[in-house]
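Presented below is the structure to which this report refers.
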Amino acid sequence: MITETGAPEVLRVLDRPEPAPGPGEVRVAVRAAGVNFADIMARMGLYPDAPKLPAVVGYEFAGEVESLGDGVEGVAVGDRVIGGCRFGGYAEKVVVRARDLLPLPEDWSFEEGAALPVNYATAYAGVVRYGALGAGERVLIHAAAGGVGIAATQIAKEVGAEIYGTASLAKHDAVRGFGVDHPIDYRAESFVTAVRRVAGEKQPIDLVMDALGGKSFRQSFSLLRAGGRLVCYGASSLVGGEKRSIPKAVAGIAQTPWFNPMRLMPASKSVIGLNLLTLWDAKGSLDEYVEPLARWIESGAVRPVVAEAFPLERGADAHRFMQERRNVGKVVLTL
């Protein structure tokens with residue numbers, strides 16, 4: 001549980017009553033839970049959609065079905081499943097709608113299963129559904145070594161795109177292995193300068209997946225050619241240190257550009273905001289963004305990469321590991 005806003009140590013393992021499944025619901029014994037940057041921002045008090053504290057966060061999990069509510073069909077006790085949840089994933093037991101469960105592929109670990117729902121639904125929505133990436137187009141994926149970054153790379157590779165990806169130099173071999181054609185070391189120079197040098201054009205990019213926020217949105221937009229799309233789905237650059245820093249957050253917000261439709265039209269460029277939680281609420285499920293992945297999962301083209309698995313009681317270490325950007329792939333908690 002996040003007991004209060006603050007550094008990773010505000011996470012505590014506490015006892016709560018076991019949840020009971022209602023009609024159409026299933027209780028799952030959680031074996032692994034995904035850690036997302038939204039969880040870190042919630043812990044720091046920077047995530048507006050977070051539940052009131054103290055709270056259990058976590059949007060995704062993998063485990064075994066333990067009990068069924070009335071009217072549940074197509075799911076049996078003992079099934080190995082993947083699921084999405086509106087918080088509550090960092091727990092031994094979670095109750096969700098049966099419709100929000102997917103079977104865990106036989107050759108996947110629970111850790112891999114917990115790395116699928118949020119990252120791959122976000123990547124599919126951004127790259128394919130809203131970003132409309134086509135074969136032969138160029139995509140720039142920020143944080144290409146992170147969970148969404150790897151998911152977006154795998155999907156973009158299947159689409160047939162040319163892939164640019166930002167990552168620290170030590171992660172370049174890894175992101176090349178995932179499918180990035182042109183790794184960019186954002187620490188050595190501006191990613192704008194690096195992309196233009198490699199591409200040989202001032203505006204070479206068709207799609208940018210940007211969860212950094214702040215001035216990065218402006219810089220990413222500057223790389224778009226006519227018809228280009230900028231998908232904004234996070235603001236990790238507003239987070240500095242282990243505790244909330246209002247001055248840093250305010251500074252980051254001040255650097256965030258305003259996009260004027262009267263300028264977007266003649267440039268023929270698009271700026272797309274993407275919030276998976278909003279889509280989930282509006283559409284009632286993530287099926288639209290997860291089900292199309294089935295053929296790539298079956299072929300092995302899409303498979304989550306787990307950077308590190310931490311026992312639940314080491315939740316603070318998991319948050320710190322991810323916040324310090326040491327991960328190549330998904331960070332998960334295990335139970």
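The values are calculated or read from the model by the stated rules, or taken from the named source; none is laboratory data. Bear in mind that the values here come from a model prediction, so they are computed numbers and not experimental data. FYI the Cβ positions are ideal-geometry reconstructions off the backbone, even for glycines, and counts take in every protein chain you see.
Before moving on, here are some points about what is shown:
- Single match in ALA167, ALA174, ALA152 (criterion: surrounded by 18 or more Cβ atoms within 10 Å (Cβ to Cβ), within 22 Å of ALA307 (Cβ to Cβ) and without any contact (Cβ under 8 Å) to a residue 40 or more places away in the chain): ALA167
- Residues in the range 97-145 that are part of a strand (DSSP E or B) and outside the structural domain of ASP206 (by TED's automatic domain parsing): ARG97, LEU101, LEU102, PRO103.
Let's see how each residue does on (1) assigned to a loop (DSSP other than H, G, I, E, B); (2) out of contact with any helix residue (DSSP H, G or I) (no Cβ under 7 Å at 6 or more places or on another chain); (3) under 28 Å from VAL148 (Cβ atoms); (4) touching a residue at least 40 places away in the same chain (Cβ under 8 Å):
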residue	(1), (2), (3), (4)
PRO19	yes, yes, no, yes
PRO23	yes, yes, no, yes
VAL65	no, yes, yes, no
VAL94	no, yes, yes, yes
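- Among the residues of this structure, GLY58 does not count as one that is buried (at least 19 other Cβ atoms within 10 Å of the Cβ), within 29 Å of GLY179 (Cβ to Cβ) and in contact with a Leu (Cβ under 6 Å, 6 or more places away or on another chain).
- The set of residues in the range 61-93 being buried (at least 19 other Cβ atoms within 10 Å of the Cβ) and among the small types (Gly, Ala, Ser) consists of ALA62, GLY63, GLY83, GLY84, GLY88, GLY89, ALA91.
- Some residue of the range 109-122 being among the small types (Gly, Ala, Ser) and closer than 27 Å to ARG225 by Cα: yes
- Odd one out for ASP185, checked against (1) under 24 Å from ARG320 (Cα atoms); (2) surrounded by 18 or more Cβ atoms within 10 Å (Cβ to Cβ): (2)
- Looking across the range 185-201, just one residue is touching a helix residue (DSSP H, G or I) at 6+ places or on another chain (Cβ under 6 Å) and either without any contact (Cβ under 8 Å) to a residue 24 or more places away in the chain or closer than 19 Å to GLY136 by Cα (or both), and that is ASP185.
- For the range 102-142, a residue qualifies if it is crowded, with 24+ Cβ neighbours inside 10 Å, in contact with a Gly (Cβ under 7 Å, 6 or more places away or on another chain) and aliphatic (A, V, I, L, M), and the qualifying residues are ALA114, ALA115, VAL118, ILE141.
- Considered as a group, the residues in the range 308-321 that are in contact with a Phe, Trp or Tyr (Cβ under 8 Å, 6 or more places away or on another chain) and either modelled with pLDDT under 95 or in a strand (DSSP E or B) (or both) include one that is nearest to GLU64 (Cα to Cα), and that residue is PHE310.
- Just one of the listed residues (ALA76, ALA32) is aliphatic (A, V, I, L, M), closer than 20 Å to VAL290 by Cβ and either in the same structural domain as PRO311 (by TED's automatic domain parsing) or in a loop (DSSP other than H, G, I, E, B) (or both), and it is ALA32.
- Any hit, the range 292-301, residues being in contact (Cβ under 8 Å) with a residue 12 or more places away in the chain, crowded, with 21+ Cβ neighbours inside 10 Å and in contact with a strand residue (DSSP E or B) (Cβ under 9 Å, 6 or more places away or on another chain): no
- Residues considered: GLY273, GLY329, GLY241. Of these, the only one that is exposed (fewer than 12 other Cβ atoms within 10 Å of the Cβ), modelled with pLDDT of 95 or more and closer than 24 Å to ALA50 by Cα is GLY273.
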